[in-house]
1. Only protein chains counted, 1.4 angstrom probe. Which residues of region B:19-45 are at least 50 Å² less accessible in the assembly than when their chain is isolated?
2. Computed over the Cα atoms of region B:117-184, what is the convex hull's projected area averaged over all directions, in nm²?
3. If you count only protein heavy atoms and use a 1.4 Å probe, how large is the accessible surface of A:Arg22, to the nearest 10 Å²?
4. Report the relative contact order of region B:117-184, percent, no decimals, based on alpha-carbon pairs under 8 angstrom and at least 6 residues apart.
5. List, in the order given, every pair from B:Lys30/B:Lys63; A:Lys6/B:Lys179; A:Lys6/B:Lys123; A:Lys125/A:Lys204; A:Lys6/B:Lys34 whose Cα-Cα distance in the structure shown is over 20 Å.
6. Want the number for B:Val121 to B:Asp180: 0.36 nm per residue separation, take away the alpha-carbon distance, what's left?
7. Excluding ligands, DNA and RNA, what is the accessible area buried between chains B and A, summed over both sides, using a 1.4 Å probe, to the nearest 100 Å²?
8. A:Glu28 to A:Lys87: extension gain in nm, 0.36 nm per residue of separation minus the Cα-Cα distance?
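The values are calculated or read from the model by the stated rules, or taken from the named source; none is laboratory data. Because the structure is predicted, anything quoted here is derived from the model rather than measured. The accessibility values were calculated without ligands, DNA or RNA, using every heavy atom of the protein model including side chains. Shrake-Rupley method; radii C 1.70, N 1.55, O 1.52, S 1.80 Å.
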Amino acid sequence: MKDRLKEFVNENREDFDVFEPRPELWQEICSELNAQSAQEQATRKEAKMISISFGERLNFSTDLLFMRVAATIVLLLACGLTLWMVKQNSPVSNNTMAAASEQVQLNQIAPELAEVEVYYTNQIKQKREELSDYDVKVLGLDEARSIDRELARLDSSYTQLKNQLYTTPNTDQVMGAMIQNLQIRIEVLNRQLEVLQKIEQIQKQDNTEPEYNETTTI
Amino acid sequence: MEKSTFQDVNAQVVQRCREGDNRAQYELYKLYSKAMFNVSMRITNDYAESEDVLQEAFMSAFKNLHSYKAEASFGSWLKRIVINASVNAIRKRRSELVPLEERIAGDIPDEEESDDTEWQVEKVRRAIQRLPDGYRVVLSLYLLEGFDHAEIAEILGISESTSKSQYSRARKKLLDIIKDSETMV
């Protein structure tokens with residue numbers, strides 16, 4: 001029974017659609033559609049434009065994003081490489097400074113310094129030996145100690161300068177200061193020698209002079 | 001088979017509609033407006049209301065065409081929109097769509113339609129039109145739109161058993177109406 005009604009309806013399905021909308025209805029729908037889309041475009045013009053341009057750029061921007069990422073990676077790599085190279089060039093010498101012999105490093109930084117150093121240290125040594133010939137204490141020179149102090153001061157400032165040589169880029173200036181330091185030392189020693197020589201002369205004269213004096217006084 | 005080729009034919013038109021092509025929209029309208037109008041007519045039983053529903057449904061369909069995935073045919077997708085719009089239209093009209101639900105579901109005697117009444121489409125159709133809203137909607141959805149009770153329950157927001165009992169009552173009422181009209185004539 002139920003089936004019969006359903007069957008009947010199914011068989012005549014098409015015939016049940018007897019109504020038709022007014023033919024003008026499409027015109028109404030169409031005009032409203034256009035009005036709506038126009039309104040949408042008017043109200044959402046900016047948003048739509050943005051979304052469209054966004055949509056269009058989306059593909060491009062994905063490419064751009066990829067490019068940006070690639071560029072960033074390249075940039076980072078370049079930075080890293082330069083940093084690494086810089087490290088290789090300067091601080092590596094810093095690191096090996098302790099390990100490698102100073103002389104080798106000095107030869108790299110200031111090749112002429114070794115020669116100069118040898119020359120002056122020999123001179124200083126010589127002068128000192130000459131000085132030690134004089135028995136300073138016997139001569140009663142209290143300033144000898146101050147000279148020693150002065151020489152020690154010069155020596156410490158010299159080592160300071162030498163250390164600066166590894167870190168400062170102005171090796172010429174430091175070198176000049178170092179050579180000056182050595183020269184001052186020699187100068188100091190020379191003065192001392194001169195003083196001692198004069199004292200010796202005076203003492204020699206004193207030794208002979210008392211006679212003269214005596215003779216004169218006598 | 002037939003359905004898939006049908007869908008393929010529509011796919012191009014649907015795509016053109018998505019791009020806002022008015023002619024493509026008209027093609028779809030021509031193709032579906034009559035069937036959809038009748039679907040709406042059977043639910044609302046009101047010509048002007050059905051036109052409103054049709055207009056609303058097509059507008060909404062064209063607007064939301066992007067959400068139409070070609071899972072179902074365009075026709076069934078559109079039909080669902082039309083049915084929802086129609087049901088909403090009656091809901092606005094009447095607070096309760098299925099007022100008869102609360103009536104005690106008395107035993108509906110299986111009609112032994114012994115006499116092979118030669119139903120006529122026009123008579124049945126007119127009888128359906130004379131059914132009260134609650135009956136008419138369920139009966140139309142079941143008989144003519146081809147939904148099962150689960151689907152009807154979902155569409156109307158009622159239980160499946162309500163849909164079933166509502167249908168059997170509607171069917172009984174329909175046959176009564178047909179009988180009455182016959183006797184009247």
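1. SASA drop of 50 Å² or more in region B:19-45: B:Asn22, B:Tyr29, B:Lys34, B:Asn38.
2. 4.4 nm²
3. For A:Arg22, solvent-accessible area is about 80 Å².
4. Reported relative contact order: 36 percent.
5. Over 20 Å apart, Cα to Cα: A:Lys125/A:Lys204; A:Lys6/B:Lys34.
6. Going from the current span to full extension adds 19.6 nm.
7. 3400 Å²
8. Roughly 13.4 nm would be gained on extension.
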